[in-house]
Structure formats: structure tokens, C-alpha cells
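Student: Here it is: the structure, laid out below.
The values are calculated or read from the model by the stated rules, or taken from the named source; none is laboratory data. Just so we're clear, the structure is a prediction, and the values are computed from it rather than from any experiment. Reconstructed Cβ throughout: ideal geometry from the backbone, glycine too, with neighbour counts over all protein chains shown. These area figures cover heavy atoms from the full protein model, side chains too; ligands, DNA and RNA do not enter into them. Shrake-Rupley method; radii C 1.70, N 1.55, O 1.52, S 1.80 Å.
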Amino acid sequence: MYAYDEIDRTLVNERVSEFRDQVKRRLSGELTEDEFKILRLQNGVYLQLHAYMFRVAIPYGTLASNQLRALAHVARKYDRGYGHFTTRQNIQFNWIKLAELPDALADLAEVGIHAMQTSGNNMRNVTSDQWAGVAPGEIEDPRIWSELIRQHTTLHPEFSFLPRKFKIAITASDHDRAAIKIHDIGLKLIKNEKGETGFEVLVGGGLGRTPFIGKTIKHFVHGRDILSYIEAILRVYNQYGRRDNIYKARIKILVHELGIEKFSREVEEEWQHIRNSSLQIDDEVIEDIRSRFTYPFYEKLPHNPDELRQAAADPDFEAWRKNSVAPHKNPGYSIVTISLKPIGAPPGDATAEQMDALADLADKYSFGEIRVGHEQNLALPHVAKRDLPALWKALDKLGLATPNVNLITDIIACPGLDYCSLANARSIPIAQELTRRFANHELANLIGRLHINISGCINACGHHHVGHIGILGVEKNGEEVYQITIGGRADESAALGNLIGPGVKFDEVADVVEDIVEAYLALRERPEELFMDTVKRLGVEPFKERVYATR
Amino acid sequence: MTSPLEQKKIKIAGPSVVTANRTWDGIVVYRTAARSWSAELSEAAIVRNSDEAKALLAESVADDVGAIGPYIAPVQVGADGKIEPGNLREQIRRTGVTIGQPAQV
Ligand code: HEM
Ligand code: SF4
């Protein structure tokens, strides 16, 4: 867990009273919507189809149980009893009233939660691996560096008025769970030959209308230089970035237009001017942040306790364990992923009751800590292996033990036309129908790892470009039409999917996905060949044939 | 369902209304003939040509304390005068999400 210092607490409280005053002036008519819009966006308040939407940051995906209870409280008191966990370690409330927002913000501020860096053309919530600090084989906890960047960029003028929003993600593992290659800047913690800690820096990734996979701009930047290096990137971006055209304003377009070589030369030159400035990070600063991350006192526990061996006789427990439980750096413990993808329900939603109950379970079994991942699931990061059977039973009662993590029904979906004012088509009902089609666990298990990602418009909040199967909703003559891609992925081998053919209607999407899956099952060389490997080996053609032969 | 927020030129193809979100709580409202806002589509003022639409929109924009983001949206008016939303987006804005909300599942 991370303990905020006094500066942060004061800042968060000041923001709340400032916003309370702004809302008051807005409601009295003293501020027009035009004047108010930028202020509300600085506090995570958007307008959706049915109401305002309130986006709250969960920096690097770490929540304490009392913070999760506060989110449950906001859902219950100010909203309709649930919240939506997003792909960028945020939570959104869909039905919030402007007049009550200052109270909601104040209640969250009491537990150190805020909505800074969740909207606007500024530095957004720095995201990280949801297994940070507990995954085996990590270089070091990437949240230390996420926090450093968060502190440096929050309300910093250089990062507050950018040509467009700016997103950074950090990982410290070889297997990338933070999707760093689709971020404006992706950082991978590594060690150089001398054993010093630093970063491989990637730049120019992003989804949206013009998707790009990020490119490595520098193979090693020493940890102490990371702020100056990021600043150098931002300066080049600020200088050249297109403010005239919102569609061309992201850094990915600039990197693409200048080319990575020229871009990196510009950055290098800029960096030489500032790398030895006050931006160089003192060891004490990092030490101070490091010391604010507290880790549980782990007991020395057996890695295969009796409780676990006994429970293994129950096939339901085993089905859940195989998909939801991952190795922890401490062999007596596990990382448990909590699926927010029950069959037939909107991906990523959790009710206030579930949040409260999960907070209690975190206290009981995970040292009071919960994590939020970009796949729109939660995790308990420090569960003793002997507690797994008891935890599973408790989760199952709450509807939080669907054994589908990383399977075909573990779908990422944006809110789409059911909520979002930018949408062209619905996403959630497509996800719901797909989970019903593949509800049979045996079938889902037979298919193996397969990620379906769905967006309701080209903004790509649902990451459709990087879904193994990607579904994009568009509009054609007043009707919802869906374009389907295959072969995308968001991990360390990130790739953009390829279109399989003409768009299909709302009612046909699930059938088409079934066809694709059937084709895969018939085409794979052996059961271990995953969907994305079959697509890589054979390309789009055989899938296209299968889908369109009868349509 | 191209976002009406991108609506620039005002050209309407059939009966239309002005809709927005009420400022204090964000709910969907429609501009009425009585220069006010209503949560009921049945109380919306219907416009049938671009000049009427322009006038209704201008008046709505001016009432910025009442509601935000006003725009013109198509409707269908039945023989009995009953007003129905003219597209899926407006249908969803009127009747709510097309999915169960988790608290109700
Ligand atoms: C009212 C709701 C929302 C609005 C107005 C909105 C707006 C946008 C826009 C305009 C973009 C394109 C940015 C660009 O290419 O410059 C975008 C991208 C994105 N949004 Fe949203 N979004 C909303 C909800 C969400 C939700 C619910 C999620 C998570 C489930 C999300 C996560 C993302 C992500 C991950 C991207 C793509 C990554 C990238 O920046 O390239 N957004 N959003
Ligand atoms: S992808 Fe489009 S429809 Fe989906 S949340 Fe983003 S902006 Fe809305």
C-alpha cells in the first residue's frame, strides 16, 4: 500500500472545496457551461447520454479496503448502486448528479481518492501492472516509479495543457500486463549490464482512430534520469504536436510523421539540455517514495498446504483455481484475480454490495489490499494458499468466482451506445450475448486463452484493435454495424488486428464469432496452439472464408 | 447515430425536437413550447423546418442554466400525435440502457 503525504492530502482537500465553489457558481448561472466544462473535466466529470459521468482515479491500480468501501458508498449514496471499472485503472459512476458531486468528491477525499488526471488534455492516471510488487521475477515494484511520475506531473503546467491527453503505463515484468505498447509512453523497468535500474522507453503507441504500436525510442534510461527524459519527450511534443486538428494531436501521429529516428534525435537534443538540471532525481526522493509503499509481513507458509490438496478434489474449485490463481513472489501466497465478467452481465461492473464484501474479504485474506487491472477485473494480491478454498467459497456467494479469467468470456467492453454520447453502436449487449454463447466452461476451456475486445466507436476505449478478436461498432444508414478483426494483442508482442471482411449486423455478431472459433478449433495443429498463434500461422484468409462462405 | 454533438449545419429532414441534459442532475430533457424543459418527450415542442429548428435551438442554448448540450434530434409523430424517438440513440436516451443494470440483475 502507499501512504499519501501531507502535501497530497492538502491538495486533494483544496480541490474539493474549489470544485464545490465552481459547482455552486455553475448552478446559479454565474458560470456558463462553456466556462465550466474545462473545470468539470479537471475533476473527472463528463456528460454521457443519460447523465453526468464521474471518473475516479485508482493510481497504478492499487486500492486499500477502506478506499473500496468509499467507492461502494459513492455508488450507493450518489449513484445507482454500482460502478464500472475501466481499462485504465479508473472507476466510473454513470448516474451522478452535478449538485451532489462535491459531496461525493469530499467523501472520497477522506480516504485519499480523487479524480485528478482522469480527463482533459493533460497527463492521465499513470497505470501499471496490477500484479506490481507481488509478481515473481519483477525488477522492482513499478508503482514506485508510477508514483514518482504521478507526483511530478500532477497539476504541473507543462503537463496540464498538452495538445491532447497523454497516457503512460509502466511494467517491471517480461510479461506485459500493463499494455505499455499502446500508450503514449510505455516504460519497462530493466537492469543494465552494470546492474543499475532504469527503463526501456517506448513512445507513440495508442489506439483510437489511428492506432499505432509504440516504438522503442531508447533502450536504457537510468532511473535517475527518467523525469528529465519524459520531460524532453513532452517538450518535443509540445513544440511540434498538432493543436489544430484533434484527430492528429496525439503524440503517436507526431512520431509517425517525423519518424522514430528524427523524433528520438529531437528528444535526445532536448534531453541533453535538461538532464543535469533539477529534474535529476536524488536517491533520497526515490527512497522516500519507496518507504511509503508498505508490504505485508508474509509468514513462511507451505506452498501446497493440506487445505489446497483437499479442495483439489472439487472440480469447480479446480476450474476456478486454474484460471484465477497466479504465482506470487512468496511461494506460500497467491495472486487471485476476481472476474468481473459473470455470464450475461456488463463487463467490469461491480455493485456496492460486491465492493463492500470484497473489501471485507481483502481485510480477511489479502492484508486489506485490492488491485484493479486493465482487463476490467480486480485482484487480491496477497492470499495465503491455505485460504484459497475459503476465499473461493466466499467469492462464489457474491457472484465473483466465474472461472473465466483469460478465457473467451473474459471480455473487455466499453460502455458503448448504452451510456456514451460518442458511441455509434452498443458494446455491452454484444458482450452479454457472447458470454451466454460461450457460457459452458468445458467449451471455454477447450478454446483456451482468447481475448475479445469491443468498442462502440472508433475511439477504441474497449481496445478492439488489440483484441485477439476485436469488435468495433459503427453506424451505417442508421443501423448498428460491427467490424471484426482478428490477430490483435496487447501484451509484450502487441499487434493490431486485421479486418476479416465487411461489417455485420448486431444480431449476427455472436454467430460470426462462433464461426471464427469453430474455424480455429478445426484449424489448430494441437490443443496447445492458442487462437492467436493459429491466426499468426495461417493469416486471416481461412477465417474469412469460414465466416463469409455462408453469408 | 453520428454524434449530434458534431451537428454543425442545421438541416432537418422531418419532425424534430431539441433535447439536452438538465444541468443540476444531468437527466435527459426536451425543450417545450412553453420555453421550458421537460423530462417527457410527449411535452416536447415539435419543429418541422430549419428556421423553426434554428429558433428553438437558439432559445435552448440561451437557457444554459436549465440544461446543457442542446441539439436537434429527429422524432416520429404518429397519426394520433404520439411522439417517438427517431433513432436508436434517442430511443436509448429516452428509455434507458438496453441492458440490465447489475444492481437489478
Ligand atoms: C463518456 C465516456 C468516454 C469518453 C467521452 C471517452 C473519450 C475518448 C476519446 C475521445 C478517445 C480517443 C482518444 C484519442 O485517440 O485521442 C478515447 C480513447 C480511450 N479511452 Fe475513452 N472515453 C470514454 C469512456 C471510456 C471508458 C469507459 C474507458 C474504459 C473502459 C475508456 C478508456 C479509453 C482508452 C483505453 C482509450 C484508448 C487508448 C488511447 O488513448 O489511445 N474511455 N476515449
Ligand atoms: S469507444 Fe467510443 S463508444 Fe466506447 S466509450 Fe469510448 S468513446 Fe464511448
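Student: Quick check on the range A:209-217. Is at least one of its residues away from ligand 1 (no atom under 16 Å from the Cβ) and either among the β-branched types (Val, Ile, Thr) or more than 14 Å from every other protein chain (Cβ to nearest Cβ) (or both)?
Tutor: yes
Student: Sticking with this one: For residues that are among the hydrophobic types (A, V, I, L, M, F, W, C) and within 11 Å of ligand 1 (Cβ to nearest atom), tally how many sit in the range A:412-464.
Tutor: Number of matching residues: 12.
Student: Would you pick out the residues in the range A:457-516 that are in a loop (DSSP other than H, G, I, E, B), open to solvent by less than 10 Å² (accessible area, probe 1.4 Å) and within 16 Å of ligand 2 (Cβ to nearest atom)?
Tutor: Passing the criteria: A:Ala460, A:Gly462, A:Gly467, A:Gly488.
Student: Okay, next question. If the Cβ limit is 7 Å and pairs must be 6+ apart or interchain, which residue in the range A:192-208 that is more than 14 Å from chain B (Cβ to nearest Cβ) and of a type in the set (Ser, Thr, Tyr) pairs with which residue that is open to solvent by 20 Å² or more (accessible area, probe 1.4 Å) and more than 16 Å from ligand 1 (Cβ to nearest atom)?
Tutor: As it stands, the answer is A:Thr197/A:Ile139; A:Thr197/A:Glu140; A:Thr197/A:Lys191, since those pairs meet every condition given.
Student: Any residue at all in the range A:430-439 that's more than 16 Å from ligand 2 (Cβ to nearest atom), away from every other protein chain (no Cβ under 14 Å) and open to solvent by less than 30 Å² (accessible area, probe 1.4 Å)?
Tutor: Yes, there is a match, as at least one residue in the range A:430-439 is more than 16 Å from ligand 2 (Cβ to nearest atom), away from every other protein chain (no Cβ under 14 Å) and open to solvent by less than 30 Å² (accessible area, probe 1.4 Å).
Student: Is one or more of the residues making up the range A:157-167 touching a Leu at 6+ places or on another chain (Cβ under 7 Å) and either surrounded by 24 or more Cβ atoms within 10 Å (Cβ to Cβ) or small (Gly, Ala, Ser) (or both)?
Tutor: no
Student: Across the range A:106-126, what is the total count of residues that are open to solvent by 10 Å² or more (accessible area, probe 1.4 Å) and outside any loop (DSSP other than H, G, I, E, B)?
Tutor: Final tally of qualifying residues: 3.
Student: Which numbered condition trips up A:Thr210, out of (1) part of a strand (DSSP E or B); (2) within 16 Å of ligand 2 (Cβ to nearest atom)?
Tutor: Here A:Thr210 meets the rest and fails (1).
Student: Evaluate the following for A:Thr127: is it away from chain B (no Cβ under 14 Å), over 28 Å from A:Thr337 (Cβ atoms) and in contact (Cβ under 8 Å) with a residue 12 or more places away in the chain?
Tutor: No: the conditions fail for A:Thr127.
Student: A:Glu200 passes all but one of (1) buried (at least 22 other Cβ atoms within 10 Å of the Cβ); (2) in contact with a Ser or Thr (Cβ under 9 Å, 6 or more places away or on another chain); (3) not hydroxyl-bearing (Ser, Thr, Tyr); which number fails?
Tutor: (1)
Student: State the number of residues belonging to the range A:18-50 that are within 16 Å of ligand 2 (Cβ to nearest atom) and at positive phi.
Tutor: Qualifying residue count for the region: 1.
Residues are listed down the side, and each one gets a yes or a no for (1) free of Cβ contacts under 8 Å to residues at least 60 places away in the same chain; (2) assigned to a helix (DSSP H, G or I); (3) surrounded by fewer than 24 Cβ atoms within 10 Å (Cβ to Cβ); (4) of a type in the set (Asp, Glu):
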site: A:Asp316; (1), (2), (3), (4): no, yes, yes, yes
site: A:Asn323; (1), (2), (3), (4): no, yes, yes, no
site: A:Leu340; (1), (2), (3), (4): no, no, no, no
site: A:Asp356; (1), (2), (3), (4): no, yes, yes, yes
site: A:Asp360; (1), (2), (3), (4): no, yes, yes, yes
site: A:Ile370; (1), (2), (3), (4): no, no, no, no
site: A:Asp387; (1), (2), (3), (4): no, yes, yes, yes
site: A:Pro403; (1), (2), (3), (4): no, no, yes, no
site: A:Thr409; (1), (2), (3), (4): no, no, no, no
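Student: In the list A:Leu71, A:Leu27, which residue meets the criterion of being in contact with a Ser or Thr (Cβ under 9 Å, 6 or more places away or on another chain) and in contact (Cβ under 8 Å) with a residue 12 or more places away in the chain?
Tutor: One residue alone meets the criteria, A:Leu27.
Student: Give me a count of the residues in the range A:104-119 that are more than 16 Å from the chain's Cα centre (by Cα) and away from every other protein chain (no Cβ under 14 Å).
Tutor: Qualifying residue count for the region: 11.
Student: Okay, moving on. Check A:Arg546, A:Arg526, A:Arg551 and return the single one that is closer than 25 Å to A:Ala425 by Cβ, open to solvent by 60 Å² or more (accessible area, probe 1.4 Å), basic (Lys, Arg) and part of a loop (DSSP other than H, G, I, E, B).
Tutor: Just a single option satisfies the conditions, and that option is A:Arg551.
Student: Scan the range B:20-63 residue by residue and report those that are within 30 Å of A:Phe93 (Cβ to Cβ), touching a residue at least 24 places away in the same chain (Cβ under 8 Å) and part of a loop (DSSP other than H, G, I, E, B).
Tutor: Residues satisfying the conditions are B:Thr23, B:Ser36, B:Asp63.
Every residue, every condition in (1) at pLDDT 95 or above; (2) closer than 30 Å to A:Thr171 by Cβ, yes or no:
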{"site": "A:Asp21", "(1), (2)": "yes, no"}
{"site": "A:Leu27", "(1), (2)": "yes, no"}
{"site": "A:Lys37", "(1), (2)": "no, no"}
{"site": "A:Arg40", "(1), (2)": "no, no"}
{"site": "A:Pro59", "(1), (2)": "no, yes"}
{"site": "A:Arg69", "(1), (2)": "yes, yes"}
{"site": "A:Val74", "(1), (2)": "yes, yes"}
{"site": "A:Lys77", "(1), (2)": "yes, no"}
{"site": "A:Thr87", "(1), (2)": "no, yes"}
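Student: Could you look through the range A:11-64, keep only residues that are facing chain B (nearest Cβ under 9 Å) and basic (Lys, Arg), and pick out the one that is least open to solvent (accessible area, probe 1.4 Å)?
Tutor: This residue is A:Arg26.
Student: Among A:Lys215, A:Lys181, which is buried (at least 24 other Cβ atoms within 10 Å of the Cβ), closer than 30 Å to A:Thr485 by Cβ, among the charged types (D, E, K, R) and modelled with pLDDT of 90 or more?
Tutor: Matching residue, one of A:Lys215, A:Lys181: A:Lys181.
Student: Just name the residue that is surrounded by the most Cβ atoms within 10 Å (Cβ to Cβ) out of those in the range A:78-103 that are within 13 Å of chain B (Cβ to nearest Cβ) and assigned to a helix (DSSP H, G or I).
Tutor: It comes out as A:Leu101.
Student: Looking at this structure, is A:Pro381 assigned to a strand (DSSP E or B) and either within 14 Å of another protein chain (Cβ to nearest Cβ) or away from ligand 1 (no atom under 16 Å from the Cβ) (or both)?
Tutor: Spelling it out, A:Pro381 is indeed assigned to a strand (DSSP E or B) and either within 14 Å of another protein chain (Cβ to nearest Cβ) or away from ligand 1 (no atom under 16 Å from the Cβ) (or both).
Student: Okay, next question. For the range B:64-103, what are the residues that are more than 10 Å from chain A (Cβ to nearest Cβ) and assigned to a loop (DSSP other than H, G, I, E, B)?
Tutor: The answer is B:Gly78, B:Ala79, B:Asp80, B:Gly81, B:Lys82.
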